[in-house]
């Protein structure tokens, strides 16, 4: 089966997710700067989610780079990832409109956690299919970044529930920073061979 | 005529349909968990439709895989399928907001039925064009899954009208499960040759 | 310059236009069939516009099929066409919500007219660039369908202003029917050569 | 790394941005021409932004034309550009709904300025990667158009703040005109070689 259509469809869905989030960033009624300023939490959550969806697109790009053949299981593992990503606009809007209140932050972190797990499932699914000697298997290695991310999301949930949703937001923002550096492991292994 | 643009356009429309459904999943006004929980029927109908649109993308992917040339009739049969799929966000939102009430469930099932019939029309259209000896003709065979699906949608409509819309929803959900297993018939026939 | 990206971008914009029109088809508040039925003018105008945008995608597909090189003028002629197509969701929604009232029908017909003229401009732009001996030049010929369409839109505008907007709608619907038959002229000329 | 997916993703995001702006162009409640006419500032700002996003797509198309390899830095420089472009629908709607009032015009010009700077960053990023002898390096040259644009946006901001937001709009519209002529420098250098 052709991996081009899988890439094209995923690119399409991710491009729409990253763009429709701006539709939740509603135009204020007044025309003064004072009408715009209260929107900062909505803007901040938009920026955070734009970065996260950008990271997922970037990593997805790298992940499929090493794939040769696509099977049915991968299609569903990929749709699973897209499903959790598709909830980002909702979670982002709820968090922004409620100024990073406890439950919206928890729901946002749960969605990030589900995205991270879905990405890991897709990654394992590809590794199993490509064999133990595959480029991806060597490139991913111990997957430290992935494990730190999952641990941080897991930590951010009780942190918010204990009354520190702002710190959960900071933690999740820091995790975004570690992914900001593009993942060059796959290219490295490809170049070595 | 080039099948790439047909695939690209269909991928684009399906990617948008699957993603804009989340726009109907409106952000609640409050910030408590209690404000989120009443949204479960909206969420459930979103999940169901996400799976269904995913199934259609998947099957469409397989269907066009075996096609060599695209003619004008196929373009219109394909647009017909996209039309019924494009009504999914509307039907999903109406069903979710009314907690799986009778008429919304009937409309949803009618839309699923129209999608299934449109898919069959496109499939027959391709088979007629590719000839009786085509890969697709052998792969589709008796098309048991397709027939069971259509029969279930036809059954789900009177079931809802008789006052059991919840059971219609369950039936339609079970049909989604039988399609969840990816359709490997086309690959099988291709590999055999 | 590469025509693939022009096709991909146009496909993307047209796919989004055809799909977001359904967002204007708002979910009714009640759950009864009686709440759904008053939406028939909105649905009818949605169907009409879906068919029209489908026709434009189809014809655009054929038009670019014969193109070898893309220049800057074509890019802008193409964007001009996409601009007028992008106003379709607005014109469709206004016409549907006002039950095919005079001014909304006039605006809808003006938009169709501008789309048709923009398509002709793009077509001429390509013919001029490809030369008098081009495939497209021979395929288009006298462009009877195009001329009948423009004449019908021009006629539909005063018809609506004189108090017969319903008949304008019927006329515009009939024009859609003549385009429904796919345009095989370009393939014919390509096959002859 | 493959530049095709970068192009496809950027095309997708830009196609969505250019199309969802029309969703902010809300359907008026009445059916008379008098209900439509007050929408002219919304329409005008829509036209301006459509042209600007079209210019960016066009220039982006040219920019990547000369690129051979894509690295991680380019991916992020590209996402940065897409981020500022994604704020266009918001800035456009706020400016249109407030009839080109001071602060909305300032915000719109700031967004245009950020887009222009992000484009320059992406351009420099590509030039640095392609080397001092690259096609792009020679094609861009002194980048007069780019500098005039940035200077105009910088000028338009105090102009609006001093009470002439209408003139800022005119200035920004004139800048669009100088970009309307497609950028043939890259093709020229490519043809010369």
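Values in this text are rule-based calculations from the coordinates and carry no lab data. As the structure is a prediction and not an experimental result, all values here were calculated from the model. Note that we place each Cβ from the backbone using ideal geometry, even for glycine, and neighbour counts take in every protein chain shown.
Tabulated data
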{"item": "With Cα atoms, 0 to 90° folded angle of helix C:144-161 axis to chain C main axis", "result": "30 degrees"}
{"item": "Ascending count of other beta-carbon atoms within 10 Å, so fewest first, for C:5, C:128", "result": "C:128, C:5"}
{"item": "Cα convex hull volume per residue for the protein assembly as shown (Å³)", "result": "173 Å³"}
{"item": "Other copies of residue D:170: label-to-label distances in nm, shortest first, labels 7 Å along the beta-carbon direction", "result": "5.0, 5.0, 7.1"}
{"item": "Relative counts (whole %) of C-alpha pair distances in chain C, using bins that are 5 Å wide", "result": "1, 8, 15, 19, 18, 14, 10, 7, 4, 2, 1, 0, 0"}
{"item": "Inter-probe distance in nm under a simple model that places probes 7 Å from Cα toward Cβ, at residue D:180 and residue D:167", "result": "2.3 nm"}
{"item": "Relative exposure of D:114, A:95, B:88, judged by other C-beta atoms within 10 Å (fewest first)", "result": "D:114, B:88, A:95"}
{"item": "FRET efficiency estimate (nearest 0.05) - Cβ-Cβ, residue B:117 to residue C:192, R0 60 angstrom", "result": "0.95"}
{"item": "Relative contact order (percent, whole number), the stretch B:4-192, Cα cutoff 8 Å, 6+ residue spacing", "result": "25 percent"}
{"item": "Efficiency of FRET from Cβ geometry, residue B:26 and residue C:99, R₀ 22 Å, rounded to 0.05", "result": "0.25"}
{"item": "Distance-filtered residues of the stretch D:41-67 - backbone nitrogen under 18 Å, label point 7 angstrom along residue C:71 Cα→Cβ", "result": "D:62"}
{"item": "Shielding by partners - mean other protein chain Cβ count within 10 Å, residues of D:24-34", "result": "5"}
{"item": "Cα-based convex hull volume of the stretch D:1-71 per residue, rounded to whole Å³", "result": "81 Å³"}
{"item": "Relative exposure of D:130, D:192, D:31, judged by other C-beta atoms within 10 Å (fewest first)", "result": "D:192, D:130, D:31"}
{"item": "GNM result for chain B, Cα springs below 10 Å: residue of B:157, B:178, B:126 fluctuating most strongly", "result": "B:178"}
{"item": "Spatial extent of the stretch C:113-169: Rg and Dmax, with the Cα atoms as the point set, Å", "result": "14.8, 46"}
